[in-house]
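Read the structure below first, then the notes.
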Ligand code: AMP
């Protein structure tokens, strides 16, 4: 089974997001960027499937600027076999990402595509579903568990209030949720080994995909700040205030 893992380079999840003063977007100048955390979980899943003998080849793909190659190298250091970098400096919306991924799927013929459930920069939660629709493949989103049985996958999906178990036939799309696994850290020897793994260089034009945005961001604003608290003199005053507020 061949597995394709799309990964996005995003603002590191530990970074405090700063909105640009003209409110046109988020300030990305000189901030740490990393692999989208859900994509690390996808990479880990693909590598585990290869280690278990369920996957025979694993491929990572990232669409983005030159620096997206660092994200691809991270996936290669975690154990993915080879990479595809689709270079563009433009912001690529989920539909255009899905169209590029569809073209890559048609060229590579993977049996499984594992995406993150969402990219933590745009929080779209759309690409996997759009790719499933474009390919007309079954999809299991928000995977919490994943096992391969012959020509199908059994996936436990995180839904409100519990886990829904579904079976999808291959080829299929899976999107990963937070509790599917705990991604490994790449070891130094594997980081060195990853430098020699091949990365194929492509552009959106190679796939005939028009990435012109269809959405216009009107405004990005910081969440409202919290209002100041008050200090109470003693427990009795605290209890009185809580009663007044209807909390107790
Ligand atoms: P989104 O729909 O933007 O929330 O992204 C969901 C998932 O789609 C991500 O976790 C990635 O697996 C994949 N994805 C989104 N954008 C890209 C990109 N530029 N390059 C590669 N994969 C992407």
Q. Of the residues that make up segment 62-76, is at least one in contact (Cβ under 8 Å) with a residue 12 or more places away in the chain, in contact with a helix residue (DSSP H, G or I) (Cβ under 8 Å, 6 or more places away or on another chain), farther than 17 Å from residue 198 by Cβ and within 15 Å of the ligand (Cβ to nearest atom)?
A. yes
**Q.** Failed criterion for residue 238 (all others in (1) part of a loop (DSSP other than H, G, I, E, B); (2) without any contact (Cβ under 8 Å) to a residue 12 or more places away in the chain hold)
**A.** (1)
Q: Just need a number here: residues in segment 42-76 that are surrounded by fewer than 24 Cβ atoms within 10 Å (Cβ to Cβ) and under 27 Å from residue 149 (Cα atoms).
A: 14
Q. Where in segment 93-190 are there strands (runs of 3 or more DSSP E), lying fully within it, with 2 or more residues that are touching a residue at least 40 places away in the same chain (Cβ under 8 Å), away from the ligand (no atom under 11 Å from the Cβ) and closer than 24 Å to residue 47 by Cβ?
A. 139-149
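Does residue 229 satisfy being assigned to a loop (DSSP other than H, G, I, E, B) and on the phi > 0 side of the Ramachandran plot?
Taking the combined requirement at face value, the residue does not satisfy it.
None of the figures in this text is laboratory data; all of them are computed from the coordinates on show. Just so it is clear, the structure is predicted and the values come from calculations on it, not from any experiment. Glycine gets a Cβ as well: all are built from the backbone with ideal geometry, and neighbour counts include every protein chain shown.
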